[in-house]
Amino acid sequence: MKLYYAEFLNPQKVCAVARHLNSPVEFVRVDFVGGQAPPELAAINSNRKVPVLDADGKTLWESNAIMCFLARAAGSDLWPDDERQIEVLRWLFWDANHFSRHAGALYFQHIIKRMFGRAPDPAAVEESTGYFRTYAKILDDHLRDRRYLVDDTLTVADFAVAVALPYAAQAQIPLAEFPAIERWHGRLGELPAWREPFPVAKAA
């Protein structure tokens, strides 16, 4: 299997899951020159985005789907084979529509735009910060007496929801206002694959 990635948020969570599971994948880095996808990427994903998984000639895109595929292939409880799947899906959908939507917007404004010499949009920053606080309060309440999102067991939902949090300081995400989220993210930080999700280049 080949896993195509670049050092962005969605590939990050997939790479972290793959490394956590020791999945038998070959990591293939895609170079986005000037923020633009290379034309050849369209051959494996018409969206021209990463991550993409090539599993014996069958391509799969969308980061959450790839995480679930890798977990199922490994027989891992990261994608539980029981009624907890519904809870995992609930958090994945909530995250995509609310939490990481706004945390990711702050990551884009403060990190990605600066990488290409562009300034953050103050109005967009203000809006995303407000929405982040709204949804972070919901997540903080949920995590107050839990170790992980679903049934106190690590799942792909944790990898998805927390993906922007390692960049909280750089992205000006007000993480310090939410102690339960901070504790949960600290717990994820104990995982080597979470701390170093991307393949480390071998020395020449």
Quiz item: For Ala42 and Ala123, FRET efficiency with R0 = 35 Å and r from the beta-carbon atoms, rounded to 0.05?
Solution: 0.60
Quiz prompt | Dimensionless Rg over Rh [the stretch 2-78; C-alpha; Kirkwood] | solution = 0.96
Quiz item: In deg cm²/dmol, rounded to 500, what helix-only [θ] at 222 nm does the chain give when every DSSP H run of at least 4 residues adds -39500 (n - 2.57) and the total is split over its residues?
Solution: -12500 deg cm²/dmol
Quiz item: Looking at the stretch 158-204, which GluC sites (Glu not before Pro) are DSSP coil and have at most 15 other C-beta atoms within 10 Å of their C-beta?
Solution: Glu190
Practice problem: Evaluate Rg over Rh across the stretch 84-191, taking Cα atoms for both radii and Kirkwood's formula for Rh. | Solution: 0.98
Exercise. Just give me a number: lysine pairs in the chain, eight or more positions apart or cross-chain, with C-alpha atoms less than 17 Å apart.
Key: 5
Quiz prompt | Ala180 versus Asp141: modelled label distance in nm, points set 7 Å from Cα along the beta carbon direction | solution = 0.9 nm
Practice problem: Run the dipole for the chain about the Cα centre, Lys and Arg Cβ at +1, Asp and Glu Cβ at -1, nothing else charged, and hand back the magnitude in debye, nearest 20. | Solution: 520 debye
Self-check item: Two-decimal Rg to Rh for the chain - Kirkwood Rh, Cα set
Solution: 0.96
Quiz prompt | Under the Karplus curve 6.51 cos²θ - 1.76 cosθ + 1.60, θ = phi - 60°, whole-Hz ³J(HN,Hα) for the stretch 6-14, x wherever Gly or Pro sits | solution = 8, 7, 10, 5, 5, x, 4, 5, 5
Quiz item: Under the definition of Cα pairs under 8 Å and six or more residues apart, what whole-number percent is the relative contact order of the chain?
Solution: 25 percent
Quiz item: What is the local net charge at Met1, summed over the other residues whose Cβ is closer than 9 Å to its Cβ (Lys, Arg +1; Asp, Glu -1)?
Solution: -2
Quiz item: Under the Karplus relation 6.51 cos²θ - 1.76 cosθ + 1.60, θ = phi - 60°, what is the ordered set of whole-Hz ³J(HN,Hα) values for the stretch 85-97, x standing for Gly and Pro?
Solution: 3, 5, 5, 4, 4, 4, 6, 5, 5, 4, 4, 4, 8
Quiz item: How high is the FRET efficiency between Thr134 and Arg90 when r is their beta carbon distance and R₀ equals 25 Å, given to the nearest 0.05?
Solution: 0.90
Quiz item: If you place +1 on the Cβ of every Lys and Arg, -1 on the Cβ of every Asp and Glu, and leave all else neutral, what size is the dipole of the stretch 84-191 about its Cα centre, to the nearest 20 Debye?
Solution: 220 debye
Quiz item: Which chymotrypsin sites (Phe, Trp or Tyr not before Pro) in the stretch 80-176 pass both tests, a DSSP loop state and at most 11 other beta-carbon atoms within 10 Å?
Solution: Phe116
Practice problem: For the stretch 91-129 and the stretch 11-83, compute the distance between their C-alpha centroids and round to whole Å. | Solution: 22 Å
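None of the figures in this text is laboratory data; all of them are computed from the coordinates on show. What you see is a predicted model; the values in this text were computed from it and never measured. FYI the Cβ positions are ideal-geometry reconstructions off the backbone, even for glycines, and counts take in every protein chain you see.
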